[in-house]
Amino acid sequence: MSHDHDDRPQLTAAQAEAALKPPPGRNGGDLVIETLQGLGATTVFGLPGQHALGMFDALRRSSLTYVGLRVENNAGFAADAYGRITGEVAPLLLSTGPGALTSLAALQEAAAASAPVLAVSSQIPTAGLGGGRHGYLHELRDQQASVRDIVKSVHTVRTPSQIPSAIAAAWESALTAPHGPVWVEIPQDVLLAGTALPVVSALDATPREVYPRPELTLVAAHLLSHAERPAIIAGGGVVRSDAAGKLRALAEKIDAPVVTTFGGKGAFPWEHPLSLRSWLEDRHTTDFLEDADVLLVVGSGLGELSSNYHTFAPRGRVVQIEADAGKLESNHPALGIHSDAREALSNLLDTVEARTDGTAAERVRAVLEAVHERIAAQDLTLEQQVLASVREALPDAAPSFWDMTILAYWAWSAFDARHPNTMHSAQGAGGLGYAFPAALGAAVADPTKPVLAVSGDGGAMYSIAELATARQYGLPVTWLIVDDGGYGILREYMTGAFGEATATELSRPDFVALAESFGVPAVRTTPESLAADLGTALAAPGPSVVVLPALLKMFEPTHL
């Protein structure tokens, strides 16, 4: 039996000579950094700690760009955004124990949003491993146990020669659909151990492609071709697989209305005649989707937010395309197709028969008018004015990052993300403090565009330390802080449920003076001057802060 070995990594003559004479003074940390470089990394995020110093010292001998944040969780959010914007692996270098644990909320968001973050954490020395309670600094009985439920895969290293293979395996895991965070763990003594191994140069960590099965594509195409009222729900998987063009072509070919989930913002043109936009938390949209005789769900698990809080009950056939096999039929019976969204949409586009429906655009218009009338009856002019001002000020191609705050919840439904992969929020895991550090990561990924971060005053307090990071690296991030004196949405929830709110009111700093103390220009604005002030801040180089004192309200829910 013969094998074709042409696809195996090959060395050039210069690499071969270098392999036989590796430079002196290298250690396990160098193997980490060389492996990341060999896999194509150009930038790493993180925060140093005592056990991880071998990795950080090796950065000095590399061409990698290091971006250091002030809190590990924020470093994780920055890496998450870098991965979302570039589609590439974002390495995150962490220390043991408290450093590792402080990153977990960010890794949960990366997991929920399928962001390819590669966390490389140090560990206590090898002699202390095994849960024997030796009393080492930062010692945990089982550090991996704390991350195993969060990340896609865990890769353990116990000797220097294991480092390149472990990191390459993690890299491949992070980039195999669905993307996600992965964890590599290396003891302190292994990172510090001198090595005579050759410089890492030839590595392959090509992710596995997830293709649809042809018989499933055939059945799905038949259902859509012969549907009377097809509709499409487009989720974050469409954005991550760069499939917006395929989605539009398919929707137009079969005349199917499209709604995008909050994670799928920008996957379909907002002003398109077939666009139902993103009003998933509206009963008119829910009723319309329930009435579809064939519903195509692409790149979404139809979770809580995408199903109007699990009140959505489709009456027709559901076809679900999802790269995460665990989400197939997890909420509704369906023809489940385990596939990357781009591949599946491409195959469907080739297989489906064109259909014409003269009523589709009119039915979409009727739903949007009903939604508009519902909102118009609720005295929410201020909220719509503020959101419109943000849209006016933000350049179309500039990315925006939204914290868990009332203006963001409005934006999920009502903001026109004019390009795919430009609007991101923490709605996957729902933790506070995402927007500003994530925006910093996006600015590192592409410093040619301004980046907007939107937080409330409560969420902003999670990220204040990163004003120093923004200033240190001169990153073009404008941070809009909507100051309503507390946790505004929790105030609403508690008042609605219990008659009054508890633990929601906050003392907070003068955000303008605070930003200026970091050397970051800041301005206090009003709803009337917001568009102009935000536009000025976004056009200026480097970081800036815009503070809007305002008490915003949510539109009435329809799921109760």
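For the peptides 23-34, 128-139, the ranking by packing is 23-34, 128-139, with the highest mean count of neighbouring Cβ atoms within 10 Å listed first.
Potential lengthening of the chain between A354 and R133 amounts to 72.9 nm, from the contour at 0.36 nm per residue minus the alpha-carbon distance.
Heavy-atom accessible area per residue, the range 159-268, 1.4 Å probe: how many Å²? Walk me through the numbers before you get to the answer.
Working: 3920 Å² over 110 residues.
In whole numbers, the range 159-268 has 36 Å² accessible per residue.
Projecting the Cα atoms of L20, A388, G97 onto the charge dipole of the chain, computed from C-beta unit charges around the Cα centre, puts L20 farthest toward the positive end.
What the Cβ-Cβ distance of E373 and L218 gives, at R0 = 41 Å and to the nearest 0.05, is a FRET efficiency of 0.45.
Mean separation of Cα pairs under 8 Å and 6 or more residues apart, divided by the residue count, gives the range 93-148 a relative contact order of 40 percent. For the residues S507, S529, S330, S241, a 1.4 Å probe over the protein chains yields an accessible-area ranking, largest first, of S507, S330, S529, S241.
Please give every one of the lysines within straight-line cross-link reach of K152, meaning a C-alpha to C-alpha distance under 29 Å, and leave out same-chain neighbours fewer than 8 residues apart. The qualifying lysines are K246, K265, K327.
Our estimate of slack between E271 and Y211, defined as 0.36 nm per intervening residue step minus the Cα-Cα distance, is 18.5 nm. A simple spin-label model places pseudo-atoms 7 Å from Cα toward Cβ; at Q385 and E228 they are separated by 4.7 nm.
Which number comes out as Rg/Rh for the chain once both Rg and the Kirkwood Rh are worked out on C-alpha atoms? Can you show the working numbers first?
Numbers: Rg = 24.8 Å, Rh = 24.9 Å.
Radius of gyration relative to Kirkwood radius: 0.99.
Our estimate of slack between S153 and Y309, defined as 0.36 nm per intervening residue step minus the Cα-Cα distance, is 53.2 nm. Heavy-atom accessible surface of R208, to the nearest 10 Å², is about 150 Å², with a 1.4 Å probe and all protein chains retained. Placing unit charges on each Cβ (+1 for Lys and Arg, -1 for Asp and Glu) gives the chain a dipole about its Cα centre, and among P543, A166, P214 the Cα reaching farthest toward its positive end belongs to A166. Accessible surface computed residue by residue for the range 4-113, with neighbouring protein chains in place and a 1.4 Å probe, gives 40 Å² per residue.
Beta carbons within 10 angstrom, averaged per residue: use that to sort the peptides 383-389, 265-271, 373-379, 512-518, highest first. Provide the component values of the computation, followed by the final result.
On the way: 383-389: 18.1, 265-271: 21.0, 373-379: 12.3, 512-518: 16.4.
Going from most to least packed, we get 265-271, 383-389, 512-518, 373-379.
The heavy atoms of M423 offer some 10 square angstrom of accessible surface to a 1.4 angstrom probe. Rolling a 1.4 Å probe over the protein heavy atoms of the chain, with every protein chain left in place, gives an accessible area that is 52 percent carbon and sulfur.
The values are calculated or read from the model by the stated rules, or taken from the named source; none is laboratory data. Since this is a predicted model, take the numbers as computed values, not measurements. Positions of Cβ are backbone-derived with ideal geometry, glycine not excepted, and every protein chain shown enters the neighbour counts. For the accessible areas, the whole protein counts, side chains as well, though only heavy atoms, and no ligand, DNA or RNA atoms are used. Shrake-Rupley method; radii C 1.70, N 1.55, O 1.52, S 1.80 Å.
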